[in-house]
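**Q** One structure is given below, represented as structure tokens, and several questions about it will come after.
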Amino acid sequence: MTAAAQAPTETIALLADLHLAGGDHDPFTDDERFAETIGGLVARASSPRLRVVLLGDTFDFPAVVVPGRRATPAARPAEATQKLERIVAAHPLVFAALRDLVRAGHRLDVVAGNHDMELLMPAVHSRLVAALGGAPGAVQVHPWLLYVPGLLYAEHGQQHHDFNRFPWLGTEQPRADGPLALPAGSYVDALAHLRQWHPQASAAALAGEAVRMAAGLVAALARLSRAERHRDERERRLAAEPPAGLSAAAVLGIDRAS
């Protein structure tokens, strides 16, 4: 091969677990450092093209408490979109840096993780793309994983953890009008943060929330158990439409390993 043929056509940068939220329970405070990092990548990568991969849990939807609403990990599309609006408003430097990235002709890939699987909801997906701008196709949201043939295989990893695994991921899309079917870990996390999310709530109100979260946990465990009993059907559907350009054999091997 010639030197020209060996020259890379993309620079790929991966970032994971930023956990951007909004309000009193926002764990992300490095907005200026993030903006500087993205700006530096853009400045150094005018040629070849830059491709930034946000590899899961970029946004922390459960940590966003919308005033007047319960803190719930199973948000419906309207509430999830409202949570994303609060995240965008809370982190103007981050979103400005990402907008500059895509408007400069570079690409942004967002892989959904267990804290931001809401991105697969059509309404939330559309709002994110609108917030980031850029040319059509400049921002892509990926369920489960990102595969660049011959170069990169990347996933957030929740599918390899039984408590955070989404049994439907890879074979179904979230309902356009219903709550997201979340894994058991989301409800355990909600229970752990109940007092933090409801600091002014009475003991009786907290007990009611705890019962509701416990019911969600039981339902999530039942979904996981049901999915395992019907694994043959899941594998049939995965093999029929393997995600991300992988072969049916490869995606079945990954799923079985998890």
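The values are calculated or read from the model by the stated rules, or taken from the named source; none is laboratory data. Here the structure is a predicted model, which means the values were calculated and not measured. A quick note on method: Cβ atoms are made from the backbone with ideal geometry, for glycine too, and the neighbour counts reach across all protein chains shown. To get the accessible areas, we keep the full protein, side chains included, count just its heavy atoms, and leave off ligands, DNA and RNA. Shrake-Rupley method; radii C 1.70, N 1.55, O 1.52, S 1.80 Å.
**Q** For the chain, what class follows from the C-alpha gyration tensor (a ≥ b ≥ c being the square roots of its eigenvalues): rounded when a/c is under 1.5, otherwise prolate if a/b is larger than b/c, else oblate? Display every interim value, and only then the final one.
**A** Numbers: a/c = 2.36, a/b = 1.26, b/c = 1.88.
Oblate, because a/c is 1.5 or more while a/b does not exceed b/c.
**Q** So, R0 is 30 Å and r is the distance between the beta-carbons of residue 192 and residue 33; what FRET efficiency does that work out to, to 0.05?
**A** It comes out at approximately 0.60.
**Q** Further question: How do 9, 81, 58 stack up against each other in accessible area, from largest to smallest, with a 1.4 angstrom probe?
**A** 9, 81, 58
**Q** While we're looking at this one, here's another question. For residue 60, what is the net charge nearby, where nearby means another residue's Cβ is under 12 Å from its Cβ and Lys, Arg count +1, Asp, Glu -1?
**A** Residues near residue 60 contribute -4 overall.
**Q** On the accessible surface of the chain, probed at 1.4 Å, how many percent belong to carbon and sulfur atoms?
**A** On the chain, the fraction of accessible area on carbon and sulfur atoms equals 55 percent.
**Q** Taking amide hydrogens as modeled 1.01 Å from N in the peptide plane, which residues meet the under 5 Å criterion relative to residue 115, leaving out close sequence neighbours?
**A** HN-HN under 5 Å from residue 115: 57.
**Q** Taking 0.36 nm per residue of separation and subtracting the Cα-Cα distance, what length does fully extending residue 96 through residue 82 add?
**A** In short, 3.1 nm is gained.
**Q** Mind running the shape call on the range 125-258? Use the C-alpha gyration tensor, a ≥ b ≥ c as the square roots of the eigenvalues: rounded below 1.5 for a/c, prolate if a/b tops b/c, oblate otherwise.
**A** It comes out oblate by the Cα gyration axes.
**Q** Kyte-Doolittle mean at least 0.5 and Cα extent at least 27 Å along the axis: which DSSP H helices of the chain qualify?
**A** TM-like helix candidates: 203-229.
**Q** Write down the accessible area per residue of the chain in Å², having rolled a 1.4 Å probe over the full set of protein chains.
**A** Solvent-accessible surface per residue comes out at 47 Å².
**Q** With a/c under 1.5 counting as rounded, go ahead and sort the range 39-179 into rounded, prolate or oblate using the C-alpha gyration tensor (a ≥ b ≥ c being the square roots of the eigenvalues; past the cut-off, prolate if a/b is larger than b/c, else oblate). Spell out each step's value before the answer.
**A** Details: a/c = 2.04, a/b = 1.30, b/c = 1.57.
In terms of gyration-tensor shape, oblate.
**Q** Assigning unit charges at the beta carbon (Lys, Arg +1; Asp, Glu -1) and nothing else, what dipole magnitude in debye, to the nearest 20, does the range 23-155 show about its Cα centre?
**A** It works out to roughly 440 debye.
**Q** Could you give the length gained by full extension between residue 24 and residue 126, i.e. 0.36 nm per residue of separation minus their alpha carbon distance, to one decimal place?
**A** 34.1 nm
**Q** Here's something else I'd like to know. What is the local net charge at residue 106, summed over the other residues whose Cβ is closer than 14 Å to its Cβ (Lys, Arg +1; Asp, Glu -1)?
**A** Working: positive: 44, 49, 51, 99, 103, 107; negative: 10, 100, 109.
Residues near residue 106 contribute +3 overall.
**Q** Please report the relative contact order for the range 145-258, taking Cα pairs under 8 Å with a sequence separation of at least 6, and give it as a percent rounded to a whole number.
**A** Numbers: 93 pairs, mean separation 33.1, N = 114.
Worked out over the range 145-258, it gives 29 percent.
**Q** Next up: Would you mind checking which residues have amide H under 5 Å from residue 11's amide H? H placed 1.01 Å from N; only 5 or more apart, or other chain.
**A** The answer is 49, 50, 51.
**Q** Here's another thing I want to ask about it. Counting only DSSP beta bridges with both residues in the chain, what percent are antiparallel, rounded to the nearest 5?
**A** That works out to approximately 20 percent antiparallel.
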